[in-house]
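Report on the structure given below.
The values are calculated or read from the model by the stated rules, or taken from the named source; none is laboratory data. Remember, predicted model here, so these are calculated numbers, not experimental data. Neighbour counts run over all protein chains shown; Cβ positions are idealised from the backbone, glycine included. The protein model used for the area step is the full one, side chains on, heavy atoms only, and it has no ligands, DNA or RNA in it. Shrake-Rupley method; radii C 1.70, N 1.55, O 1.52, S 1.80 Å.
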Amino acid sequence: MPILLLLLAIGVVEISVLVLVGNAVGVLPTIGLLIAAAALGSWLLRREGRRAFEAFNEAARLRRPPEREVADGVLIVGGGLLIVLPGFVSDVFGLLCLLPPTRAFLRRRLQRSAERRAEQMQQRMSANPGWAGGMPGARFPGAGRPGAGHRDDGDVIDGEVVSVSEDDIPRQHPSLDASTQAERPDGGAPR
């Protein structure tokens, strides 16, 4: 429900800004500004996307983790999506995601936020080994115990492993009978 309210609020803000700009400069100039912003944004998206892809390839070539390049790629895709949406507010945020200086700032903020979330998750997991991703009562098999993977719920599954090899499968062609089939490559007689 909160995401729907957020989307509704964003839509109201976008429409309000479009109406205000339209009243200030006129309808045709407003449409021209939207088209110009979309053109600029698409050009920036191509340029920065190409740079991010080249940086990702360079990181892969040097065999180092491409953390920065992946974060840049996510921000570039997000900026491109924001620019595609009609409206001035989304275009401004999209451009902020595409411009290298502001993208570096946003990338650092995202990384710090992700590190904090990871620390919180580790603290929760160490405080309650049975806690699994916010679902109380859900347990990972063997979570927090030696011999992880061992289930102690008392259920035992008994079974046997059956191996099927190529020799167990008949190799007859439906249109040929056994007397006309060629000898098998391994030297065995036809079946």
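You will find that of L34, L6, the residue that is surrounded by 14 or more Cβ atoms within 10 Å (Cβ to Cβ) and of a type in the set (A, V, I, L, M) is L34 and no other. Only a single item in (1) at pLDDT below 90; (2) assigned to a helix (DSSP H, G or I); (3) surrounded by 13 or more Cβ atoms within 10 Å (Cβ to Cβ) is not met by Q122, and it is number (3).
Residues considered: V12, V17. Of these, the only one that is in contact with a helix residue (DSSP H, G or I) (Cβ under 8 Å, 6 or more places away or on another chain) and at pLDDT 90 or above is V17. Meeting the requirement of 1 or more residues that are closer than 23 Å to E115 by Cα and of a type outside the set (D, E), the helices (runs of 4 or more DSSP H) wholly within region 1-105 are 27-61, 67-84, 88-98. Residues in region 76-93 that are open to solvent by less than 70 Å² (accessible area, probe 1.4 Å), without any contact (Cβ under 8 Å) to a residue 60 or more places away in the chain and either more than 16 Å from S42 (Cβ to Cβ) or more than 19 Å from the chain's Cα centre (by Cα) (or both): 2 in all.
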